[in-house]
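K.L.:
Sharing a structure below in structure tokens format, with a few things to ask.
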Amino acid sequence: MQAFTTLPERVPVLIAGGGPVGLTLAALLAEQGIASLTIEADDAYCVGSRAICMSRRSQEILGWVGADKPLAEKGLSWTGGRSYFRHEEVLHFEMPSDPLQRYAPMVNIQQFYVEQYAHRALQRHGDLAQVAWSSRVGDVRDLGDAVDVAIETASGPRTVRADWVVACDGGRSTVRELLKLHFHGMQYEGRYVIVDIEQDTQRPVERLAWFDPPSNPGSTILMHRQPDNVWRIDYQIADDEDADEAIKPENVLPRVQSHLDMIGETAPWKPLWISIYNAKCLTLDSYRHGRVLFAGDAGHLVPIFGVRGLNSGLDDAGNLAWKLAWVLRGAAPESLLDTYSQERVHATRQNIEYGAKSTEFMAPPDYGFRLLRDATLRLARVDASVNELINPRQSSPITYAGSQLNQPDGAPSTGNAAAPGQPAPEALLERDGKPVHLTSLFGRGFVALVNGTTSGLAALQALQDKTRGAASPFEVVTLGQGGYADPHGQARKHYGAQPGTVYLIRPDGYVMGRWADAGAAASALAAAAPFYA
Ligand SMILES: Cc1cc2nc3c(=O)[nH]c(=O)nc-3n(C[C@H](O)[C@H](O)[C@H](O)COP(=O)(O)OP(=O)(O)OC[C@H]3O[C@@H](n4cnc5c(N)ncnc54)[C@H](O)[C@@H]3O)c2cc1C
């Protein structure tokens, strides 16, 4: 990618790091009409094998910037997987999925493609989202009402003043170091070799796991297909193995060959990438420090088992983009950004909890864990009721329990329907005979989902008219006559059938509140969230 020579002197948002999270954040901000400058140390997208499994939620977020289509075209979608203990299959799991859904539960794709699609998405906005490649953030000075960022570029040092800086500069974040902030948490001893190989295969796309396989006794092996005839193979090495030795081709290739032989993959193959990994459960305590915010690996490192790394980073970007946009427009106080930190630190802690469980199952940290794990796997051969224990729960969006943005529940009688703080469920609706996924309306402004006619609806409709054509329009989705049809009953199922109920859904697709009628919703919106004032 070409280096940038003239940097602007001042920008609303400076993003340190143009990895997948930084580039996606820049594209999301541009969708909201907010200008940003991304500073990226490298001159190209990442190389090698990193994140490969993109969750349904990540596809939805990438969809807000139009990057979902190339992802779906190139990626390999999957819905389930199999686990084996020694020779025997002990688990066949399926993730919730139905043909009416907009996205597959998971899509396998190399991380550099995600970066490419996010980059293309931001390029649609011209100068609104600029990326300076081959440039490095060297210093950050928070002045209180702005931040000065010193940047090393190919043509010498530059300083750019930004209203807000978002550190998306990865696990070894320079910004985190400059601010003298420290991760808290722990890291596991167990190490995994990560190998990408190119090999033609006819196997279905599934998550495949082997515990103590005859091909590599004592080890755990994970396999995922990726586009371009690539297999990603992760295998655990013994505690006493030397890491440098373990990644030497002469030690890696025989292990891979032995496993391919065992599973009957006989086509010729070649290695593409070899690295080593160990699981970490680390986070900052806050993702807001004055005018500097943290997103993605710069703010947290979670185990890759359960694929919560990049997926949670994209969720950070989805949460932050609209809040930054509202604050920069002067339509919300800066404290809205504190809710970003509260919600996403909470999400990280949950992700760490789930990720730690997966890691302990994949690579038991001690003899006791291993004994228990193997006993469970042995039992799973004969008793399907233990499947729950060995199901490798994959990444899913986290409920923001206790968020300050959640409104007091104005329609608790709606039973099991989505409640404040929860990710808004998908519903395939119909308008003028055409299918419309509810989630396709997220990502820009607030959405009011109204069940039938209700008193006070006019106030919401007036807001819709007032914001039509704005970067963050307010959208009223009325179910019933003259509005959207619910032909599959999904809206009734997920949002309750009570006539008159109004849901207010945030731009990032989270339920902010629900009320028994539109009048109550409109006054609550005006009082608690004057975002459209
Ligand atoms: C082996 C491996 C396997 C993984 N598998 C998965 C998976 O299956 N699923 C999943 O969800 N996640 C997975 N992850 C995690 C995933 O790769 C990361 O969570 C993801 O890359 C985080 O994206 P990011 O944009 O926050 O950081 P990064 O991808 O690290 O990007 C940070 C960017 O900042 C740039 N940078 C750094 N310092 C500076 C500076 N001073 N100035 C300017 N730029 C700078 C870097 O060049 C880089 O481009 C895996 C990670 C590894 C290592």
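The values are calculated or read from the model by the stated rules, or taken from the named source; none is laboratory data. What you see is a predicted model; the values in this text were computed from it and never measured. Cβ placement follows ideal geometry from the backbone for every residue including glycine, while neighbour counts extend to all protein chains displayed. Just so you know, the surface numbers come from the protein's heavy atoms only, side chains and all, with ligands and any DNA or RNA stripped out. Shrake-Rupley method; radii C 1.70, N 1.55, O 1.52, S 1.80 Å.
K.L.:
When ligands, DNA and RNA are left out and all protein chains stay put, how many square angstrom of accessible area per residue does the chain have with a 1.4 Å probe?
P.N.:
On a per-residue basis, 40 Å².
K.L.:
Here's a follow-up. Report the Cα centroid-to-centroid distance between the range 52-72 and the range 220-254 in angstrom, as an integer.
P.N.:
A separation of 28 Å, based on Cα centres.
K.L.:
To test your reading of the geometry: what angle, between 0 and 90 degrees and rounded to tens, separates the Cα axis of helix 20-31 from the longest principal axis of the chain?
P.N.:
So the helix axis and the longest Cα principal axis differ by about 20 degrees.
K.L.:
Working from Cα positions, state the angle (0 to 90°, nearest 10) between the long axis of helix 309-328 and the longest principal axis of the chain.
P.N.:
Between the helix axis and the principal axis of the chain, the angle is about 20 degrees.
K.L.:
May I ask for the angle, rounded to the nearest 10°, between helix 336-362 and the longest principal axis of the chain, with both axes built from Cα atoms and the value confined to 0 to 90°?
P.N.:
20
K.L.:
Oh, and also: Using only Cα atoms, what is the ratio of the radius of gyration of the range 391-448 to 2.2 N^0.38 Å?
P.N.:
Relative to the rule-of-thumb radius for its length, the range 391-448 sits at 1.39.
K.L.:
Kindly list the residues of the range 426-445 that lie in the label zone of ARG120, defined by a backbone N under 12 Å from the point 7 Å along the Cα-to-C-beta vector.
P.N.:
Flagged as within label range: none.
K.L.:
Can you tell me the relative contact order of the range 341-499? Whole percent, Cα pairs under 8 Å, sequence separation 6 or more.
P.N.:
Answer for the range 341-499 is 20 percent.
K.L.:
Same structure, new question: Considering only DSSP beta bridges whose two residues both sit in the chain, what percent are antiparallel, to the nearest 5?
P.N.:
Percentage antiparallel, nearest 5: 70.
K.L.:
Please report, in whole Å³, the volume per residue of the convex hull around the C-alpha atoms of the range 442-513.
P.N.:
Measuring per residue, one finds 91 Å³ for the Cα hull of the range 442-513.
K.L.:
Can you give the charge dipole size of the chain about its Cα centre, rounded to the nearest 20 debye, using +1 on the beta carbon of Lys and Arg and -1 on the beta carbon of Asp and Glu?
P.N.:
Computed charge dipole of the chain: roughly 1120 debye.
K.L.:
Would you please classify the overall shape of the range 1-77 from the alpha carbon gyration tensor, given that a ≥ b ≥ c denote the square roots of the eigenvalues, rounded means a/c under 1.5, and beyond that prolate means a/b larger than b/c while oblate covers the rest?
P.N.:
Judged from the Cα gyration tensor, the range 1-77 comes out oblate (a/c at least 1.5, b/c at or above a/b).
K.L.:
Once phi is turned into θ = phi - 60°, what whole-Hz ³J(HN,Hα) does the Karplus curve with 6.51, -1.76 and 1.60 give for every residue of the range 191-202, x standing for Gly and Pro?
P.N.:
10, 10, 8, 10, 10, 9, 10, 9, 7, 6, 8, 9
K.L.:
Using a Förster distance of 25 angstrom, determine the FRET efficiency expected from the C-beta separation of ARG370 and SER97, and round it to 0.05.
P.N.:
0.15
K.L.:
Could you give the length gained by full extension between THR6 and LEU389, i.e. 0.36 nm per residue of separation minus their alpha carbon distance, to one decimal place?
P.N.:
132.3 nm
K.L.:
State, in angstrom, two size descriptors of the range 202-356 derived from its alpha carbons: Rg to one decimal place and Dmax to the nearest whole number.
P.N.:
Taking only Cα atoms of the range 202-356, I get Rg and Dmax of 20.5, 62 Å.
K.L.:
Helix-derived [θ] at 222 nm for the chain: sum -39500 (n - 2.57) over DSSP H runs of at least 4, divide by residue count, nearest 500?
P.N.:
Taken over the chain, the calculation gives -9000 deg cm²/dmol.
K.L.:
Another question, then. Say each of ALA150 and GLN481 gets a label point 7 Å from the Cα, pointing the same way as Cα to Cβ; how far apart are those two points in nm?
P.N.:
7.0
K.L.:
Calculate the length of the line joining the C-alpha centroid of the range 457-533 to that of the range 288-322, in whole Å.
P.N.:
Between the Cα centre of the range 457-533 and that of the range 288-322, the gap is 28 Å.
K.L.:
To continue, here is another question. Taking the mean number of other Cβ atoms within 10 Å as a proxy for protection, how do you rank 119-125, 302-308, 258-264 from highest to lowest?
P.N.:
302-308, 119-125, 258-264
K.L.:
Another one. Where a ≥ b ≥ c are the square roots of the eigenvalues of the C-alpha gyration tensor, would you call the range 401-487 rounded, which needs a/c under 1.5, or, failing that, prolate if a/b is larger than b/c, or oblate?
P.N.:
Note, shape of the range 401-487 comes out rounded.
K.L.:
Now for a separate question. Dipole magnitude of the range 378-462 about its Cα centre, charges +1 at Lys/Arg Cβ and -1 at Asp/Glu Cβ only, in debye to the nearest 20?
P.N.:
The calculation lands at about 240 debye.
K.L.:
Working only with C-alpha atoms, what are the Rg and Dmax values of the range 294-337, expressed in angstrom?
P.N.:
That works out to 12.8, 40 Å for Rg and Dmax.
K.L.:
In terms of the Cα gyration tensor, with a ≥ b ≥ c the square roots of its eigenvalues, is the range 1-133 rounded because a/c is under 1.5, prolate because a/b exceeds b/c, or oblate?
P.N.:
Taking the square roots of the gyration eigenvalues as a ≥ b ≥ c, the range 1-133 is prolate.
K.L.:
What distance in nm lies between label points placed 7 Å from Cα along the C-beta direction at GLN199 and GLU177?
P.N.:
Those two pseudo-labels are separated by 3.9 nm.
K.L.:
Roughly what would the spin-label model give for ALA243 and ASN416, points 7 Å off Cα along C-beta, in nm?
P.N.:
Result for the modelled spin labels: 4.6 nm.
K.L.:
I need two numbers for the chain: Rg to one decimal and Dmax as a whole number, Cα atoms only, in Å.
P.N.:
24.0, 73
K.L.:
How do 424-434, 210-220 rank on mean C-beta neighbours within 10 Å, highest first?
P.N.:
The packing order, highest mean first, is 210-220, 424-434.
K.L.:
Right, something else. Explain nothing, just compute: Karplus ³J(HN,Hα) = 6.51 cos²θ - 1.76 cosθ + 1.60, θ = phi - 60°, for every residue of the range 97-114 in order, whole Hz, x for Gly and Pro.
P.N.:
These are the phi-based 3J(HN,Hα) values: 7, 9, x, 7, 6, 6, 10, 5, x, 8, 10, 8, 7, 5, 4, 5, 5, 4 Hz.
K.L.:
Put +1 on the Cβ of each Lys and Arg and -1 on the Cβ of each Asp and Glu in the chain; which of GLY171, ASN319, TYR235 then has its Cα farthest toward the positive end of the dipole?
P.N.:
So the residue furthest toward the plus end is ASN319.
K.L.:
Using θ = phi - 60° and the Karplus curve 6.51 cos²θ - 1.76 cosθ + 1.60, what whole-Hz ³J(HN,Hα) does each residue of the range 204-210 get, with Gly and Pro shown as x?
P.N.:
These are the phi-based 3J(HN,Hα) values: x, 7, 8, 8, 10, 10, 10 Hz.
K.L.:
Next up: Leaving ligands, DNA and RNA out of it, report the carbon-plus-sulfur percent of the accessible area of the range 389-533 at a 1.4 Å probe.
P.N.:
On the range 389-533, the fraction of accessible area on carbon and sulfur atoms equals 52 percent.
K.L.:
Would you kindly give the portion of the calculated P(r) for the range 71-147 that falls above 19 Å, as a percent of all Cα pairs?
P.N.:
When every Cα pair of the range 71-147 is considered, 66 percent fall beyond 19 Å.
K.L.:
Name the residues whose placed amide hydrogens come within less than 5 Å of the amide hydrogen of ARG191, ignoring near sequence neighbours (fewer than 5 apart) on the same chain.
P.N.:
Answer set, sorted by chain and number: ILE237.
K.L.:
A follow-up question, please. Starting from 0 in steps of 10 Å, tell me what percent of the Cα-Cα pairs of the range 167-245 lands in each bin.
P.N.:
Taking all Cα pairs of the range 167-245, the binned fractions are 14, 31, 28, 21, 5, 0 percent.
K.L.:
ALA526 to ARG161: extension gain in nm, 0.36 nm per residue of separation minus the Cα-Cα distance?
P.N.:
Fully extending the segment from ALA526 to ARG161 adds 128.0 nm.
K.L.:
If you take the charge dipole of the chain about its Cα centre, with +1 on Lys and Arg Cβ and -1 on Asp and Glu Cβ, which of GLN199, THR501, GLY18 is farthest toward its positive end?
P.N.:
THR501
K.L.:
What ranking, highest mean first, results for peptides 333-344, 61-72, 410-421, 371-382 when packing means the other Cβ atoms within 10 Å averaged over each residue?
P.N.:
Descending packing order for the listed peptides: 61-72, 333-344, 410-421, 371-382.
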